[in-house]
Amino acid sequence: MISDRNTDRFCLGAIMLAVLIAIGVLAGSIFFSREEEPENNNKKQTAYLSTDYADIIFDDSFVHEIDLQMPAVNWDYLVRNAEEEQYVLCNALIDGELVENVAIRPKGNSSLTAIKSQGSDRFSFKLEFDHYRKTNTYHGLDKLALNNLGQDVSCMKDYLSYHMMNEIGIPAPLSSYAQVKLNGEPFGLYLAVEAIEDSFAYRNYGDDFGNLYKPESFAIETITPETFLSIEDSPYGEDNPMEKDYTVLGPGDRVDILGSMARGPFEMCFGELMEPASLKYIGEDLDQYRVFFDASVFSQTKSDQESLVSALKKLNSSDNPQEAIDLDSVIRYFIVHNIVNNYDGYTGIFVHNYYLREHNGKISMIPWDYNLSCGIFTFESAIKSILGENSPYTVNMQVGNAMDDKTSMINYPIDTPTFTVSVEDRPLLAAILKNDRCLEQYHEVFREFLDFYFASGKFEEEYQKLCSLITPYVKQAQTFYSDEQFEKASEAVHEYYILREESIRRQLDGTLPATLEGQKEDFSNLVDASHVNLASSVTFDSLIFGIRSQDVIEILDAIAGEQPHTSEGVTKVIADATADPSQIVSIAGRVLKSSRFLKNTLRSAVTGPVLFVLSLILLMAARKWIMGYSRLKQPYPITEKKRKTQKAAKDKRREG
């Protein structure tokens, strides 16, 4: 059973997450606008391309220097209009070599808005060398992404993920670190990443590119007031997280509150786009696959579109779905993807952050955006990141007797590696894991890669190199993080990979089950990871709709009012308001008066009906969390009928 203290903290965390999700939907223009899509082009030309750049700008043995040179008026325009992501002209002095007439623009989704809201101009950027003149490249490279290392306190998750993808032998972006300067003045440490466009395609596939797509499940234009007005009391069906009794969970159970709470709303709002982005076949109508065709790297013909749909049909409905897959490449992709545990991608509920290649009826994956890897896409990591290490609003996740988030993630089973969704919901993965021959190949290559990358000492060598490269720039304040933050985060990432390898080896040799069902029944040989502080390696500030930790603390202080400014104080205020809803008005007024963030958010709220409906949903959600899981005095007693129903459900679960 959960102790009183931890239950209250659990309630607070759940309610707060619901509040933040509601705020984010209200401020939809912050989170969902300007989704980063490929800039559709019809270049597909190789006359001016070469692969020379691979050994020049992507020599990862040292930190490169990229000096962005431009008039002040150009830079001021770029900063003022950052969210419009418009290109401006600059010159780039790269390791002492001048490249003239380069186009630069900010890049990013919620991260861009967050940087702007914090008064910073250290955006992520895209440098397009051939934007103004098609023959202009940097040693054959047409576009370079400069990532500002936001969210990733270790500054190494993207690099390590891409590095492993390259080492295992699949087409993946090249990357290296760069000290970016602005007109000669130090600006920040960045990760330079090869953009997925002509040069990447030419380097990996030669002249015969095929077609590349970057499907994105989210689109704010699909949300209307009617979407929310149609929400019923339980949009999750029988698996409603609001109704679940977390006190009866056992040691083999896993808790995914973050995914469970988000799944229902996301499926309702974006289901039309999530189905094809999951690589499901949904009919012959090409318009149903706009999530691909609107986000194509290169322009396509109707024949190209039909070829992709035909491949998806074969993947989903044939007796041999492997015929639609570049099998060796896809197996290798999922091996690394499942080592790094990135659930902000194809194997999570959001179904994005990957490129898809279709060529001659076969599809394969190209990795992209791994800054939320290392198993941190969890409720515990999000709450701890938002609140901070030393916040009085501490949340200690201790849910029944279930395994903690760290142990769950480090031991996540490689044969059922989907988070919140089932393997069957991801047909590309199911085609491998549900076929005995492919599963055997998957395991065999997995063992080979663990030996090649980890047992050989290659990972340790790479990690030590990264620490030596990054540390001087952290000390010079060229990242968003302090020395202490970076040290804790890098140690957590190192420990994650050491323990993750150990767990996967146990799964491969059969001493630890490799499926969720198997680990639930036999959890005796799990790798203990309870001591690892994975949350220290991430900051969710810029992911929670532009809200910062200080904004959250400000809101919680206002909710607490005259009560102690602690988790217990906030929980008591919410519980009292649940018993006496008339208090909600005064609490809301108190919060709005004290929070600049909420004032600005409400000014840009989507519509009045949405605000009203979401307020009601939030109130119902808060009441259910408090009534169901808090040990505080319940203002409304549970009826005898409901008590019997709950007991019968518990008995049934125990028997199961």
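The values are calculated or read from the model by the stated rules, or taken from the named source; none is laboratory data. In this text, all values refer to a predicted model and were calculated from it rather than measured experimentally. Methodologically, a virtual Cβ is constructed for each residue, glycine included, from the backbone with ideal geometry; neighbour enumeration extends over all protein chains shown. Surface accessibility is based on the protein's heavy atoms, side chains included, excluding ligands, DNA and RNA. Shrake-Rupley method; radii C 1.70, N 1.55, O 1.52, S 1.80 Å.
Consider Phe446 carefully, then state whether it is among the hydrophobic types (A, V, I, L, M, F, W, C), closer than 28 Å to Tyr190 by Cβ and in a helix (DSSP H, G or I). Here the answer is no, as Phe446 does not meet what is asked. Of all residues in segment 486-507, which are over 25 Å from Cys467 (Cα atoms) and surrounded by fewer than 18 Cβ atoms within 10 Å (Cβ to Cβ)? Arg506, the sole residue that qualifies. Screening Glu444 with (1) modelled with pLDDT of 95 or more; (2) buried (at least 20 other Cβ atoms within 10 Å of the Cβ) gives one miss only, at (2). Entry remark, segment 353-370: residues being assigned to a loop (DSSP other than H, G, I, E, B), open to solvent by 20 Å² or more (accessible area, probe 1.4 Å) and under 27 Å from Lys302 (Cα atoms) number 3 in total. Can Ala145 be described as modelled with pLDDT of 95 or more and either aliphatic (A, V, I, L, M) or touching a Pro at 6+ places or on another chain (Cβ under 6 Å) (or both)? Criteria met by Ala145.
In segment 323-346, which residue that is assigned to a helix (DSSP H, G or I) and open to solvent by 20 Å² or more (accessible area, probe 1.4 Å) is farthest from Tyr453 (Cα to Cα)?
If we filter segment 323-346 for residues that are assigned to a helix (DSSP H, G or I), which is where we start, we get 323-324, 327-340.
This time we only want the ones that are open to solvent by 20 Å² or more (accessible area, probe 1.4 Å), so: 323, 327-328, 332.
Working: Glu323: 30, Leu327: 22, Asp328: 18, Arg332: 13 Å.
The qualifying residue farthest from Tyr453 (Cα to Cα) is Glu323.
Those residues that are modelled with pLDDT under 90 and either open to solvent by less than 30 Å² (accessible area, probe 1.4 Å) or polar (S, T, N, Q) (or both), I need them from segment 267-290; list them, please.
Cys269, Phe270, Gly271, Leu273, Met274
Of the residues screened, Tyr463 is not one that is in a helix (DSSP H, G or I), open to solvent by less than 50 Å² (accessible area, probe 1.4 Å), modelled with pLDDT of 95 or more and more than 21 Å from Phe62 (Cβ to Cβ). Could you look through segment 114-129, keep only residues that are assigned to a loop (DSSP other than H, G, I, E, B) and open to solvent by 10 Å² or more (accessible area, probe 1.4 Å), and pick out the one that is farthest from Val336 (Cα to Cα)? Going through the qualifying residues, I end up with Gly119.
Please work out if His139 is touching a residue at least 40 places away in the same chain (Cβ under 8 Å), under 30 Å from Leu327 (Cα atoms), in contact with an Asp or Glu (Cβ under 7 Å, 6 or more places away or on another chain) and open to solvent by 20 Å² or more (accessible area, probe 1.4 Å). So His139 fails the test. In this structure, is Ala577 surrounded by 21 or more Cβ atoms within 10 Å (Cβ to Cβ) and either under 30 Å from Tyr453 (Cβ atoms) or among the basic types (Lys, Arg) (or both)? So Ala577 fails the test. The test for being among the aliphatic types (A, V, I, L, M), surrounded by fewer than 21 Cβ atoms within 10 Å (Cβ to Cβ) and either within 30 Å of Gly96 (Cβ to Cβ) or at pLDDT below 95 (or both) does not hold for Ile196. For segment 507-555, the set of residues classified as assigned to a loop (DSSP other than H, G, I, E, B), modelled with pLDDT under 95 and of a type in the set (S, T, N, Q) consists of Ser524, Ser530, Asn533, Thr539, Ser542, listed by residue number. Scanning segment 291-308 for residues being more than 12 Å from Tyr213 (Cβ to Cβ) and touching a helix residue (DSSP H, G or I) at 6+ places or on another chain (Cβ under 6 Å) gives a total of 0.
Let's see how each residue does on (1) surrounded by fewer than 20 Cβ atoms within 10 Å (Cβ to Cβ); (2) out of contact with any Ser or Thr (no Cβ under 9 Å at 6 or more places or on another chain); (3) in a strand (DSSP E or B):
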{"position": "Tyr159", "(1), (2), (3)": "no, no, no"}
{"position": "His163", "(1), (2), (3)": "no, no, no"}
{"position": "Ala178", "(1), (2), (3)": "no, yes, yes"}
{"position": "Pro186", "(1), (2), (3)": "yes, yes, yes"}
{"position": "Leu191", "(1), (2), (3)": "no, no, yes"}
{"position": "Asp208", "(1), (2), (3)": "yes, yes, no"}
{"position": "Leu212", "(1), (2), (3)": "no, no, yes"}
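Considering each residue of segment 59-76 in turn, at least one proves to be open to solvent by 30 Å² or more (accessible area, probe 1.4 Å), assigned to a helix (DSSP H, G or I), in contact with a strand residue (DSSP E or B) (Cβ under 6 Å, 6 or more places away or on another chain) and without any contact (Cβ under 8 Å) to a residue 60 or more places away in the chain. Within segment 143-153, can one find any residue that is over 30 Å from Glu491 (Cβ atoms) and surrounded by fewer than 20 Cβ atoms within 10 Å (Cβ to Cβ)? So far as segment 143-153 goes, no, none of its residues is over 30 Å from Glu491 (Cβ atoms) and surrounded by fewer than 20 Cβ atoms within 10 Å (Cβ to Cβ). Flag: Val395 matches the condition of being of a type in the set (A, V, I, L, M), crowded, with 22+ Cβ neighbours inside 10 Å, in contact with a Ser or Thr (Cβ under 7 Å, 6 or more places away or on another chain) and at pLDDT below 95.
Residues in segment 491-531 that are free of Cβ contacts under 8 Å to residues at least 24 places away in the same chain and among the small types (Gly, Ala, Ser): Gly510, Ser524.
Remark: Asn240 falls outside the filter, which requires a residue to be over 24 Å from Asn371 (Cα atoms) and either in contact with a strand residue (DSSP E or B) (Cβ under 8 Å, 6 or more places away or on another chain) or modelled with pLDDT of 95 or more (or both).
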